[in-house]
Amino acid sequence: MRITCPLCGDRDSREFSIRGHETYLDRPAPDAGEAAWDNYLHLRDNPAGETAELWYHGAGCAAWLRVRRNTLTHEVLKVDLVRDLTGGDHAD
Amino acid sequence: MRYSGLQVLAQGLMGNRGWKPVWRDPEPKPAYDIVIIGGGGHGLATAYYLAREHGLGNIAVLEKGYLGGGNVGRNTTIVRANYNLPGNSEFYSHSLKLWEGLEADLNYNVMHSQRGVINLFHSDGQRDAYARRGNAMINQGDDAILLDREGCRRMLPYLDYDQTRFPIYGGLYHPRGGTARHDAVAWGYARAADQRGVDLIQQCEVTGIDIAGGKVTGVQTTRGAIRAAKVAIVVAGRSGQVAAMAGLRLPIESHILQAFVTEGLKPCIDHVVTYGMGHFYISQSDKGGLVFGGDLDFYASYAARGNLPMAEHVMEAGLTLMPMIGKARVLRSWGGIMDMTPDGSPIIDKTHVDGLYIDCGWCYGGFKAVPGSGFSFAHLIATDRHHDPAARFRLDRFRRGVLLDEEGTGSQHNLH
Ligand SMILES: Cc1cc2nc3c(=O)[nH]c(=O)nc-3n(C[C@H](O)[C@H](O)[C@H](O)COP(=O)(O)OP(=O)(O)OC[C@H]3O[C@@H](n4cnc5c(N)ncnc54)[C@H](O)[C@@H]3O)c2cc1C
Ligand SMILES: [Zn+2]
């Protein structure tokens with residue numbers, strides 16, 4: 001599997017580490033309650049097909065990326081900088 | 001037909017023409033008391049114990065492919081009871097006891113071999129952690145022996161003891177741990193369930209779960225609708241999709257786990273050995289192949305095949321530990337879809353739908369759990385009460401924050 005980083009270009013997936021589903025971008029407020037935290041930490045749609053995840057380009061530009069991927073074929077569909085999606089906040 | 005030494009002899013003398021198909025291939029009936037979705041190890045064991053322990057007979061197991069074609073036929077067959085946490089300890093201890101009587105119980109040779117599992121450690125901290133785990137195992141009534149470096153050298157002379165990067169300090173030896181023949185476990189349970197009247201229906205994919213007034217009424221399948229008073233979901237890596245048919249969202253992400261086997265060699269590795277400093281564990285099959293594996297590929301996947309980085313890491317770790325295997329040629333590699341929970345422990349529970357039960361989240365450790373899970377899940381389905389050894393495998397423990405995080409790695413699906 002190769003991932004095209006918007007800053008560094010097409011790279012070996014070993015340069016990246018995965019954090020998990022993009023749910024991690026929606027961190028609930030500390031007092032948001034059990035259901036919100038359960039959703040954030042545990043529950044997943046777990047799609048067989050297209051998904052979106054957070055990856056970190058540790059051996060490259062050190063940017064957080066949102067990678068759209070197909071879990072059936074391992075095809076990488078689209079890669080965005082998390083910075084561009086959240087207006088500057090990083091993953092956590 | 002009952003299997004025995006005499007039977008083998010008699011059949012041999014008669015040209016082996018008397019062997020019959022081992023289970024029936026029935027058409028699905030319009031209705032059953034209990035429908036089990038998934039004909040893997042856990043589904044088949046559940047059907048068997050429902051019949052044997054609870055005297056229930058009107059049961060179908062629906063399998064979308066063929067029996068044993070899922071993870072039960074893809075794993076590296078390690079059977080052990082070396083868990084640490086209350087909740088896991090008693091469950092795997094019970095499961096190992098069932099393994100020890102399994103062949104006589106099923107009248108089937110599952111090639112259960114208690115050759116011993118040795119978990120190597122490579123630092124003082126790791127030794128302390130394993131000493132603690134060993135004590136937890138002994139408290140549970142199981143067996144554990146802490147080996148020092150010389151103890152390891154006597155049992156595993158082929159390891160590289162001169163390596164300075166991750167020196168071998170010793171190992172936690174679990175003599176009753178070992179391996180079993182994975183296919184035989186599926187076949188043995190299938191045959192025994194069939195003999196007790198369970199319908200095993202293959203090539204039958206469940207496509208919907210029927211619910212009326214908050215109660216399950218049956219399933220939709222590629223071979224038509226089937227009514228049922230109780231429905232049990234036991235589909236391992238596909239748990240998310242099947243649970244979604246009942247409007248249920250699970251604390252599960254499906255990940256890929258790879259394994260490898262070499263050409264057949266003369267016996268050289270007598271135990272199951274795990275490396276404490278890289279993702280690598282190994283045993284030798286009765287055919288002589290070295291069977292080994294490592295960790296997840298770490299990203300969600302339904303592809304049933306992995307990528308090269310983890311393959312490379314596993315080979316590197318293996319060669320660091322036991323350079324002698326470098327001469328062996330790898331014949332095959334494959335992957336299985338693992339139902340990973342955020343704490344690495346499984347789920348055996350009821351759901352929000354009356355009559356709908358779920359058994360899932362076995363991560364990469366569900367083969368050893370086949371007898372225990374089948375036994376406890378059957379108990380839950382038949383009596384609507386949790387079976388003691390599995391009483392903590394609750395679906396709502398995540399929301400309640402009562403995790404069973406055996407490895408202490410935190411609440412993330414790919415870290416267990
Ligand atoms: C490479 C690898 C190594 C492993 N090593 C070990 C090990 O050493 N020790 C250990 O304890 N565990 C190990 N495991 C884990 C173990 O194999 C699994 O946890 C366990 O087999 C899962 O339970 P099962 O046998 O019921 O699953 P499966 O055999 O996968 O059964 C699930 C079944 O459900 C069926 N199904 C899915 N969807 C539907 C549907 N809609 N309708 C009908 N049927 C459906 C599937 O076709 C499948 O046959 C390993 C796994 C892998 C992949
Ligand atoms: Zn980059």
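When residue B:87 is tested against (1) under 26 Å from the mean Cα position of the chain (by Cα); (2) over 24 Å from residue B:182 (Cβ atoms); (3) not in a loop (DSSP other than H, G, I, E, B), just one condition goes unmet, and that condition is (3).
As a summary of the residue check, residue B:1 satisfies the conditions (1) modelled with pLDDT of 95 or more; (2) surrounded by 12 or more Cβ atoms within 10 Å (Cβ to Cβ); (3) of a type outside the set (Asp, Glu) except for the one numbered (1). Put simply, of B:403, B:356, B:380 the only residue that is out of contact with any Leu (no Cβ under 6 Å at 6 or more places or on another chain), under 21 Å from residue B:55 (Cβ atoms) and outside the structural domain of residue B:266 (by TED's automatic domain parsing) is B:380.
Once region B:262-285 is narrowed to residues that are surrounded by 20 or more Cβ atoms within 10 Å (Cβ to Cβ) and in contact with a Gly (Cβ under 7 Å, 6 or more places away or on another chain), the residue that is nearest to the other protein chains (Cβ to nearest Cβ) is B:280. Sub-6 Å Cβ pairs linking a first residue in region A:3-18 that is more than 8 Å from chain B (Cβ to nearest Cβ) to a second residue that is of a type in the set (Ser, Thr, Tyr) and away from ligand 1 (no atom under 16 Å from the Cβ), at least 6 apart or interchain, are A:3/A:13; A:10/A:4, ordered by first then second residue. Scanning region B:318-346 for residues that are in contact (Cβ under 8 Å) with a residue 60 or more places away in the chain and among the hydrophobic types (A, V, I, L, M, F, W, C) returns B:321, B:322, B:324, B:325, B:328, B:330, B:331, B:334, B:337, B:338, B:340. In summary, residue B:116 fulfils each of the numbered conditions (1) surrounded by 24 or more Cβ atoms within 10 Å (Cβ to Cβ); (2) at positive phi with the single exception of condition (1). Of the strands (runs of 3 or more DSSP E) that lie entirely inside region B:215-318, those containing 1 or more residues that are of a type in the set (Ser, Thr, Tyr) span B:215-221, B:253-264, B:272-274, B:281-284, B:289-300.
Could you give every pair whose Cβ atoms fall below 8 Å, whose first residue belongs to region A:50-69 and is more than 10 Å from chain B (Cβ to nearest Cβ) and within 18 Å of residue B:412 (Cβ to Cβ), and whose second residue is within 9 Å of ligand 2 (Cβ to nearest atom) and small (Gly, Ala, Ser), counting only separations of at least 6 or pairs across chains? Close Cβ pairs satisfying both conditions: A:56/A:62; A:56/A:63.
Residues in region A:19-49 that are charged (D, E, K, R) and at the interface with another protein chain (Cβ under 10 Å from one of its Cβ atoms): 5 in all.
Residue by residue, here is whether (1) crowded, with 21+ Cβ neighbours inside 10 Å; (2) closer than 30 Å to residue B:222 by Cα holds:
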residue: B:15; (1), (2): no, no
residue: B:22; (1), (2): no, yes
residue: B:29; (1), (2): no, yes
residue: B:33; (1), (2): no, yes
residue: B:36; (1), (2): yes, yes
residue: B:58; (1), (2): no, yes
residue: B:72; (1), (2): yes, yes
residue: B:79; (1), (2): yes, no
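Among the residues of region B:109-152, those that are touching a residue at least 12 places away in the same chain (Cβ under 8 Å) and more than 27 Å from residue B:406 (Cα to Cα) comprise B:109, B:110, B:111.
Here residue A:59 clears all of (1) of a type in the set (Gly, Ala, Ser); (2) farther than 30 Å from residue B:248 by Cβ; (3) buried (at least 17 other Cβ atoms within 10 Å of the Cβ) except the condition numbered (3). Just checking, does region B:191-208 include any residue being hydroxyl-bearing (Ser, Thr, Tyr), surrounded by fewer than 24 Cβ atoms within 10 Å (Cβ to Cβ) and in contact with a Lys or Arg (Cβ under 6 Å, 6 or more places away or on another chain)? So far as region B:191-208 goes, no, none of its residues is hydroxyl-bearing (Ser, Thr, Tyr), surrounded by fewer than 24 Cβ atoms within 10 Å (Cβ to Cβ) and in contact with a Lys or Arg (Cβ under 6 Å, 6 or more places away or on another chain). Cβ-Cβ below 7 Å, separation at least six or inter-chain, first residue in region B:394-413 and modelled with pLDDT under 95 and assigned to a loop (DSSP other than H, G, I, E, B), second hydrophobic (A, V, I, L, M, F, W, C) and surrounded by 13 or more Cβ atoms within 10 Å (Cβ to Cβ): which pairs? So the pair list comes out as B:406/B:85; B:409/B:415; B:411/A:41; B:411/B:403.
The values are calculated or read from the model by the stated rules, or taken from the named source; none is laboratory data. These figures come from a predicted structure and were not determined experimentally. Note: ideal-geometry Cβ built from the backbone for every residue, glycine included; neighbour counts use all protein chains shown.
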